[in-house]
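Contents: one structure, followed by commentary.
The values are calculated or read from the model by the stated rules, or taken from the named source; none is laboratory data. Please read these numbers as outputs of a predicted model, since none were measured by experiment. We place every Cβ from the backbone using ideal geometry, glycine too, and count neighbours over all the protein chains shown. When the accessible area is computed, the model is the full protein with side chains, heavy atoms only, and any ligands, DNA or RNA have been set aside. Shrake-Rupley method; radii C 1.70, N 1.55, O 1.52, S 1.80 Å.
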Amino acid sequence: MGPLIALLDAGCYAELEGAARALLSTRPQSGFVWQLLAVALGKQGKDALEALARAAQCLPDDAVAHLNLGNAFGRLGRPEDAAASFGRALAINPDFAEAHNNLADLQLELGRDDDAVASCRRALKARPDFAEAHENLAKASARLGQLDEAVSNCRRALEIRPDFAEAHNTLGTVLRSLARLEDAMASFRRALLVNPDFAEAHLNLANALRSIGRLDDAVAGYRRALLIKPDLVAAYTELGTALRLQRRTLESEAICRQALAINPRSAATLAVLAELRADAGRFAEAEDLYRGVISIDPESSEAWAGLARLRRMTPADEAWLAEAQRLAGQGLPTHKELSLRYAIGKYFDDLEDFEKAFLNYQRANELAKLCGPAHDRSRLTRTIDLIIRSHNQTWVRVQRSAANPSTRPVVIVGMLRSGTTLAEQILASHPAVFGAGELTFWGAESAAAIAGASAANAPEIDMSDAVLAGLSNGYVELLQRLSADAPRVVDKYPTNFLLLGLIHAALPNARIIHMRRNPIDTCLSIYFQRFEAANTYVNDLEDLAHYYREYRRLMQHWRTVLPAGVMLEVPYEGLVADLEAWSRKMLDFIALPWHPRCLDFHRTARTVVTASKWQVRQKINASSVERWRHYEKFLGPLKPLLESRDARTHS
């Protein structure tokens, strides 16, 4: 065997293959030689399965031989055979840590998260310093919503192996679930320092960047992942999603088609195509695509939930309900069950079975709490205090040479689910208006400026003319790229209400439209919708009530410090009751003449990527006004919002 070992050590794999085959012609029962042949074949990129199978056959009591065979089955997508081989390895050696861990890998792939936890614990009992098992346990714990335990296991893996790129990557995914986005991105970057060619870490970093609105950076990250791993279907799919959010619809579709050329049965990619169709108002086509997802993966929670978002559900959808309830009740991972619970809640709401609707929405929100951090009310209050203190009337109203005088920007703000998409759709139906959707331009710069004021305990934001000019000009250039010729461009990112002082300072001729809606209807609509984990307040009625009060306090501040004529306040209920009158007021406010197309906003062909994409393509109706009364008995924490609203807001 010495010459064969020498060839192996020298990396002469072709020669090793020849020598092993020659020896096997006279010694066909040598399991060791079959193992050497398998190594030689694998190193040359050849199929080693038969050699590994023969090795295991010749060495029936060799746990390593069965482990290697199981690994080969796993790589070939034969999970049942892989599990059987790992089982045989463990029957021979019950304390074989690597076999327990590799079985956990397989169980994670199959979605058997509880089984994966058990396998990892067995591996760690046999070998407590097994970094890979700690990392697998972190993955399984995260899927089960045990995020703190997942962080702990990642950190233990990294104590054992500080250069463990996979553990840095997994830690990043868990921290992102906790909405600790800066920490998550730092972990992904550490993974990439260890392994710059780690395509999945590039993908995950891009996902984190996308979640905070840095879409250009996210697109670049997905493209880097694909340069490293051109067949990484997930990167194509997430790139398609990012391009979709940028409303680069044709590019998004082309990327999805590339993914499907690699894997025609990629359910996730078909789901992106379904959303593209829905964004364009082609809901029947979107439904067909979701049905296609279900034909590939009958238990796709994303597809079953997606169907409910495309139209009003009716009693004829009982089969949908039965399947959604069956899936939701079978112990799915938290993130999958919660999407179904939101959809089931919508089904019952559409059918006016309000008690069942609320119970499902409540379950969805309780699950969502497990996937993200708790809301910190005191921190929010301190932030609002700081914004009010640092954006006083003198700072907001001072005339600045660095400001951009453009009259193109129209900024629509308000609480989530307050009618901002409806207002944008009405205005975007005017031939002189381009609806840009939700632009996340202002957040990072404003946060840095406010943090600086806080650190210095300064009474005002200290922002140089150069920084302000860069902001104002950069924003105007962004609008120019989005629409070269429209006299007005609408940015309807709702939570820009936090940043109105900075926006006015940078763009004194921008016009601000503040959408107001009944506070309980607003909060209830938020509670009934799934949002990113970074919106920490959305899953609890007490937190929603607190957030709404802080929002109302800040808006009262802006009313005081912004110059007259800069902001128009539009009541959602008034807009619904008298569409033409309020549409005319909005157009007058942004200095445009009346156009009758604004009354037919639901017919306007444009891309809408928000959760209201179906609603804004329906004729105006009052079904959402005073909707909360159907749920009154469940809404105790929200009731004081009505009692405390001041006469000025009429919200």
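Cα-based values for segment 246-379, radius of gyration first and Dmax second, are 16.2, 51 Å. Peptide packing: for 180-190, 576-586, the average count of neighbouring Cβ atoms within 10 Å per residue gives the ranking 180-190, 576-586, highest mean first.
Scanning residues 5 or more positions from Leu568 or on other chains, those with amide H under 5 Å from its amide H are Ile512, Ile513, His514, with H placed 1.01 Å from N in the peptide plane.
Rolling a 1.4 Å probe across the protein heavy atoms gives segment 289-334 an accessible surface of 45 Å² per residue. Computed with a 1.4 Å probe over protein heavy atoms only, the accessible surface of segment 157-258 comes to 42 Å² per residue. Extension gain, Glu50-Ala432: 0.36 nm per intervening residue step, less the Cα-Cα distance, totals 130.7 nm. Treating r as the C-beta distance of Arg400 and Lys43 and R0 as 51 Å, the FRET efficiency rounds to 0.20.
Taking Cα atoms only, the orientation of helix 49-58 departs from the longest principal axis of the chain by about 50 degrees. Working note: 222 nm ellipticity from helices only, DSSP H runs with n ≥ 4, each -39,500 (n - 2.57), summed and divided by the residues of the chain, gives -19500 deg cm²/dmol to the nearest 500.
To put it simply, the accessible area of the chain at a 1.4 Å probe is 51 percent carbon and sulfur. Taking the C-alpha atoms only, the angle from helix 283-296 to the longest principal axis of the chain is near 20 degrees. Each label point was placed 7 Å from the Cα along the Cα-to-Cβ direction; for Thr407 and Glu323 their separation is 5.4 nm. Listed values for segment 547-562 are Karplus-derived 3J(HN,Hα) couplings in whole Hz (6.51 cos²θ - 1.76 cosθ + 1.60, θ = phi - 60°), namely 4, 4, 5, 5, 4, 5, 5, 5, 4, 4, 4, 4, 4, 6, 9, 6, and x replaces Gly and Pro.
Here each label is just a point 7 Å from Cα along the line to Cβ, and for Leu76 and Ala564 those points are 8.2 nm apart. Shown in residue order for segment 298-311 are the 3J(HN,Hα) couplings computed by the Karplus curve 6.51 cos²θ - 1.76 cosθ + 1.60 at θ = phi - 60°: x, 10, 6, 5, 4, 6, 4, 5, x, 4, 5, 7, 8, 6 Hz (x for Gly and Pro).
Net charge within 13 Å of Leu158 by Cβ-Cβ distance, Lys/Arg positive one each and Asp/Glu negative one each, not counting Leu158 itself? In short, -2. Taking a straight Cα-Cα cut-off under 19 Å and skipping sequence neighbours fewer than 8 places away in the same chain, the aspartates and glutamates within cross-link reach of Lys43 are Asp9, Glu15, Glu17.
Semi-axes of the equivalent ellipsoid of the chain are 53, 27, 24 Å, computed as sqrt(5λ) over the eigenvalues of the C-alpha gyration tensor in descending order.
Relative to the longest principal axis of the Cα atoms of the chain, the long axis of helix 79-92 makes an angle of roughly 50 degrees. Choose one of Gln35, Ala305, Ala116: the residue whose Cα lies farthest towards the positive end of the charge dipole of the chain (beta-carbon charges +1 Lys, Arg; -1 Asp, Glu; about the Cα centre). Going by the Cα projections, it comes out as Ala305.
Amide H contacts of Gly437 (H built 1.01 Å from N, in plane; Pro and chain starts excluded): Lys492 sit under 5 Å, all sequence-distant by 5 or more or on other chains.
Compute the signed sum of charges (Lys and Arg +1, Asp and Glu -1) over the other residues within less than 12 Å, Cβ to Cβ, of Pro28. Result for the local shell: +3.
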